[in-house]
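Heads up, the thing below is written out as C-alpha cells.
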Amino acid sequence: MEHDTVAAPPPPPVYGPPPEPTVWRKFKKLLGPLAAAGVLLLKFGAKLKFLILPLLKFFPLILKTGGTMILSIAAYAMMWGVWFAVGFVLLIFVHELGHLLAARKCGLKVGAPVFIPFMGAFIALKEAPRDAWIEAQVGIGGPMLGALGAAACEMIHLVTGQPLFRALAYTGFFLNLFNLAPVGFLDGGRIVTALSPWLWLVGFVIIGAMTLLHPNFILILILIFSVPRVFSLFRRKTDAEARYFEVTPAQRWTMAMMYFGLIGLLVLGMHLSHIPRERL
C-alpha cells in the first residue's frame, strides 16, 4: 500500500520595513516635479515676462520710496501713535505726488519721492526747469493735490465721525499753507518766481519773525537755505538769468490767482477742521 507524500506548507512571509530608497531614486523623484514646473515656466514664460520685468524695473523705486515711508511712519509713531503717523505720511506722499505729476506734465524727468523723518519728503528733479513759469507749475502742484488730500480727510470725518481724520485734515491744510510761504526752497518760493522774485524778501521776513517768536531747527534751516536766493536779488543778472524770469502777463495773472486762491482755501480749510481746545 502506497502512501502519498504531502508537501510541507511554505513558511509564512516575514514582513519588515521597506528597503531604504537609494540616493538615485530620491533624486529622480525630486526631478519629476521640477521638470514639470520647468515645462510650465517655459510655456508661460513669454506671458509672465511682461509682468515680471516691469516689477523688477521698478523694484529699486518701490524699495526707496516704500522703505523711507516705513522709516518715517516708525519715527512719527513714537510721538503721535501709529494710525496718525500712517495718515500723516500718506498726506505727505499725496503732496509729493502732486509735484511729480506737475513736473512730468511739463516734460521734466523726476525721481521717486524720498521721505526724511521730521523733514518731510522731496522729489529730485533730474533736469532743471527751463523758465520761471515751469518752476511755478511744479511748485504749486504739490500744495494743490495736498489740499485735496486734506479735504478728503475732512470728508471722511464728516461721514464717519472719527476725530482722527479731522486731526489729519487740519494738519494737512496747515502743512500745505506753510509750504506756500514765498521763500527759499519751499513751494511758495518756487511759485513766486512767476510773480515777482522780490516776494522772496517778504517770505524771508515772515520766516525770520516766526523763528524769533518760536525758535525751531527747521525754520532756521529754511532761512539758511533761503539766503542765496535773497542775495541774488541784489546782484546783476546775466542775460540767461533775466530770460529765465520772463513770463507773459497771462501766465503771471494765472499763477497769481492760483497761488492766492489756494492760500484762501487752505485758511478756510483750517478754520472748518479746527478742533477747539475744550473738545480735545
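Computed extension gain for residue 104 through residue 239, at 0.36 nm per residue and net of the alpha carbon distance, reaches 45.9 nm. Each 10 Å bin from 0 upward holds the following percent of the Cα-Cα pairs of segment 142-280: 11, 33, 32, 17, 5, 1.
Is the shape of segment 197-252 best called rounded, prolate or oblate, per the rule: a/c under 1.5 gives rounded, else a/b larger than b/c gives prolate, else oblate, with a ≥ b ≥ c the square roots of the Cα gyration tensor eigenvalues? Prolate is the answer for segment 197-252, as a/c is 1.5 or above and a/b outweighs b/c.
A Förster radius of 45 Å, combined with the Cβ-Cβ distance separating residue 224 from residue 160, puts the computed FRET efficiency at roughly 0.60. Kindly provide log₁₀ I(q)/I(0) values, in the same order as q = 0.12 Å⁻¹, from the Debye equation applied to equal alpha-carbon scatterers of segment 76-220. Debye intensities relative to I(0), on a log10 scale: -0.53.
Take 217-227, 127-137 and order them by the average number of nearby Cβ atoms within 10 Å per residue, most first; the result is 127-137, 217-227. One Cα centroid belongs to segment 125-193, the other to segment 198-230; the line between them spans 19 Å.
All C-alpha to C-alpha distances of segment 232-280, sorted into 10 Å bins beginning at zero, yield P(r) values of 19, 24, 25, 16, 12, 4 percent in whole numbers.
Ordering 163, 117, 220 by Cα displacement along the dipole of segment 110-257 toward the positive end leaves 220 in first place; charges were set at the Cβ atoms of Lys, Arg (+1) and Asp, Glu (-1).
Relative to the current alpha-carbon distance between residue 118 and residue 232, full extension at 0.36 nm per residue lengthens the span by 38.1 nm.
Sorting the Cα pairs of segment 110-194 by distance into bins of 10 Å, from 0 upward, gives 17, 41, 29, 11, 2 percent per bin. With the Kirkwood sum run over all distinct C-alpha pairs, segment 106-148 has a hydrodynamic radius of 11.5 Å.
FYI, it's all coordinate maths here, none of it is from the lab. A quick note: this is a predicted structure, and the numbers were derived from the prediction, not measured. All Cβ positions, glycine included, derive from the backbone under ideal geometry; neighbour counts span all protein chains shown.
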